[in-house]
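**Q** I'd like to ask you about the structure that follows.
The values are calculated or read from the model by the stated rules, or taken from the named source; none is laboratory data. Computed from a predicted structure; not experimentally measured. Glycine also receives a Cβ, built like all others from the backbone with ideal geometry; neighbour counts cover every protein chain displayed. Surface areas here come from the heavy atoms of the whole protein model, side chains and all, with no ligands, DNA or RNA. Shrake-Rupley method; radii C 1.70, N 1.55, O 1.52, S 1.80 Å.
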Amino acid sequence: MRRFTPAPVEDGTLVSQVMRTIAKRIASRTLEAGAKLPSIRVSAEALGVSKSTVVDAYDRLAAEGLIEPRRGSGFYVTGPTAPFSLADAGPRLDRAIDPLWVSRQALEAGDGVLMPGCGWLPASWMPEAGLRRAMRALSRRDPVNLTDYGPPLGLAPLRQLLARRMAEHGIEAHPSQIMLTDSGSQAIDLVCRLLIEPGDVVLVDDPGYFNFHAMLRAHRAKVVGVPYTPTGPDIGLFEQALKTHRPRLYITNSGPHNPTGASLSAVTAHRLLKLAEAHDLTIVEDDIFADFEHEPAPRLAAFDGFERVVHIGSFSKTLSAAVRCGFVAARPDWIEGLVDLKVATAFSSSPVTAELVLALLTDGSYRKHVEALRDKLARARGQVAARLRDFGLTPWVEPRAGMLLWMSLAPGIDAADIARRALAEKLVLAPGNAFSPSQSASGYLRFNVAQCLEPAVFTVLAGIFDS
């Protein structure tokens, strides 16, 4: 018999707990419209409550219209099904460590809120003057670029330039194998639509980027985390997960890794691809931090040649989060399927955005911008790591590039508690369990070094850690 546990509530009777458990299963579509609920006896045994408690819960749910009794048959979920809820689909985590909560707090932050836990650069670090110059130039061009839909694959000159840029990392992709998207997130979403079905197992890094977990929850995939090491996923445990779970996909960053800042090694990359071949696994390589590297780390797509790897990139982190432009590179037959999905769900990506990105990539300003960024981030990593060490935090690894530090707290300190206290002081932090499917990273915080240079950040942290 499959057991299900009442969703934790802060108050209320056993009846209300049973009601919330069943309502959550309906909202997450574990129980679809028309599905029969377990019998009163079975539910009482599974939940560890009396049969009278279940009777009362079923009666009240029926009164609310969520379920309906059928004489002599039992209780059934009514239709239509309630809208799908990401918040109810997964475990009820403390909101301080819920990945959607972290994202929303950072995105909705008002004036005066400091965000060392967010995943993007401050506005002052971005090439605003270049963006304004490119926008003015674009506004003076043929109006068709401002009013028409773009072609299904996206702007051809930008795809040709992306192919040349990828070749600098050893990745050989014809422009016809590259499709533009409105973001890296949209690219991953389309790949998931193409390659997985509800219930499929997908491997992710533990710790790994929390929005992967949220997106996979939206696709109703089963997420299985594999412990991450300073050179990539733990290969022994990765192989064990392949044998145990038979996953369809593995989604990862090659480097710099989010949240750890680590870089994939060539040895680990080779072993990953051998395992992928042996177990019919597809790897989705999210490479949105590529331009932060002085010396590129190994790329799985470079070794694989797009046999089993889908490669994704974006300019949100280095150019502008407001100029939404990403891309996906894959083998030709998958690109065909992705184009169909893009047309079906978004019709077209923005040609205006693509023209802006192309202008900035070709006028020489972008290369100078990212070279300056790398140097600024290198200085900031050293400065911020030194300041955080003063509070007893230790870097899990010394990143070679990027904006992120994965910091270990002193024993006995819980990152979620630190995050709650910081939020009360208008400081958004990113506690470790937001990145951990196994919830095994309670002793870690992710810091964005570019967002940590305001003196007020360390004033707040000092008040928390010294208290």
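**Q** In the stretch 319-356, which residues are part of a loop (DSSP other than H, G, I, E, B), at pLDDT 95 or above and crowded, with 22+ Cβ neighbours inside 10 Å?
**A** Ala330 - this is the single residue of the stretch 319-356 that is part of a loop (DSSP other than H, G, I, E, B), at pLDDT 95 or above and crowded, with 22+ Cβ neighbours inside 10 Å.
**Q** Return the total of residues in the stretch 384-433 being assigned to a helix (DSSP H, G or I) and either among the acidic types (Asp, Glu) or in contact with a strand residue (DSSP E or B) (Cβ under 6 Å, 6 or more places away or on another chain) (or both).
**A** Here is the first cut: in the stretch 384-433, the ones assigned to a helix (DSSP H, G or I) are 384-389, 415-424, 432-433.
Retained after the next criterion (residues that are either among the acidic types (Asp, Glu) or in contact with a strand residue (DSSP E or B) (Cβ under 6 Å, 6 or more places away or on another chain) (or both)): 385, 388, 415-417, 419, 432.
Total meeting the criteria: 7.
For every residue, the table says whether it meets (1) part of a helix (DSSP H, G or I); (2) in contact with a Ser or Thr (Cβ under 6 Å, 6 or more places away or on another chain).
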{"site": "Val204", "(1), (2)": "no, no"}
{"site": "Gly208", "(1), (2)": "no, no"}
{"site": "Asn211", "(1), (2)": "yes, no"}
{"site": "Val223", "(1), (2)": "no, no"}
{"site": "Gly236", "(1), (2)": "yes, no"}
{"site": "Gly255", "(1), (2)": "no, yes"}
{"site": "Ala269", "(1), (2)": "yes, no"}
{"site": "Lys274", "(1), (2)": "yes, no"}
{"site": "Glu295", "(1), (2)": "no, no"}
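**Q** For the structure I just gave you, tell me whether Glu285 is within 22 Å of the chain's Cα centre (by Cα), buried (at least 18 other Cβ atoms within 10 Å of the Cβ), under 13 Å from Ile171 (Cα atoms) and of a type in the set (D, E, K, R).
**A** Spelling it out, Glu285 is indeed within 22 Å of the chain's Cα centre (by Cα), buried (at least 18 other Cβ atoms within 10 Å of the Cβ), under 13 Å from Ile171 (Cα atoms) and of a type in the set (D, E, K, R).
**Q** Right, another one. Being in a strand (DSSP E or B), touching a Gly at 6+ places or on another chain (Cβ under 7 Å) and touching a residue at least 40 places away in the same chain (Cβ under 8 Å) is true for just one of Leu194, Leu180. Which residue is that?
**A** Going through Leu194, Leu180 in turn, the sole match is Leu180.
**Q** Next question, about the same structure. Restricting to the stretch 166-177, and then to whatever is outside any loop (DSSP other than H, G, I, E, B) and modelled with pLDDT of 95 or more, can you tell me which residue is most open to solvent (accessible area, probe 1.4 Å)?
**A** Ser176
**Q** Here are some conditions: (1) under 13 Å from Tyr444 (Cα atoms); (2) open to solvent by 10 Å² or more (accessible area, probe 1.4 Å); (3) of a type outside the set (D, E, K, R); (4) modelled with pLDDT of 95 or more. Gly412 meets all but one. Which one does it not meet?
**A** For Gly412, the exception is condition (4).
**Q** List the number of the failed condition for Glu371; all other conditions in (1) open to solvent by 30 Å² or more (accessible area, probe 1.4 Å); (2) of a type in the set (D, E, K, R); (3) in contact (Cβ under 8 Å) with a residue 40 or more places away in the chain hold.
**A** The single condition Glu371 does not satisfy is (3).
**Q** Considering each of Leu264, Leu249, Leu300, Leu272 in turn, give the residue that is buried (at least 16 other Cβ atoms within 10 Å of the Cβ), farther than 24 Å from Ser183 by Cβ and without any contact (Cβ under 8 Å) to a residue 60 or more places away in the chain. Break it down stepwise before answering.
**A** Working: Leu264 fails: farther than 24 Å from Ser183 by Cβ; Leu249 fails: farther than 24 Å from Ser183 by Cβ; Leu300 fails: farther than 24 Å from Ser183 by Cβ.
Exactly one of Leu264, Leu249, Leu300, Leu272 is buried (at least 16 other Cβ atoms within 10 Å of the Cβ), farther than 24 Å from Ser183 by Cβ and without any contact (Cβ under 8 Å) to a residue 60 or more places away in the chain, namely Leu272.
**Q** Here's a check for you: in the stretch 356-390, which residue that is among the acidic types (Asp, Glu) and under 27 Å from the mean Cα position of the chain (by Cα) is farthest from Arg133 (Cα to Cα)?
**A** In this case the residue turns out to be Asp375.
**Q** Give me a count of the residues in the stretch 136-146 that are in a helix (DSSP H, G or I) and at pLDDT below 90. Full working, then the answer.
**A** Step one: list which residues in the stretch 136-146 are in a helix (DSSP H, G or I), which gives 136-139, 144-146.
Still in the running and at pLDDT below 90: 137-139, 144-146.
Total meeting the criteria: 6.
**Q** If you don't mind, there's one more thing I want to ask. Mind checking which residues of the stretch 30-40 are modelled with pLDDT under 90 and surrounded by fewer than 19 Cβ atoms within 10 Å (Cβ to Cβ)?
**A** Once the filter is applied, which keeps residues that are modelled with pLDDT under 90 and surrounded by fewer than 19 Cβ atoms within 10 Å (Cβ to Cβ), the stretch 30-40 yields Thr30, Glu32, Ala33, Gly34, Ala35.
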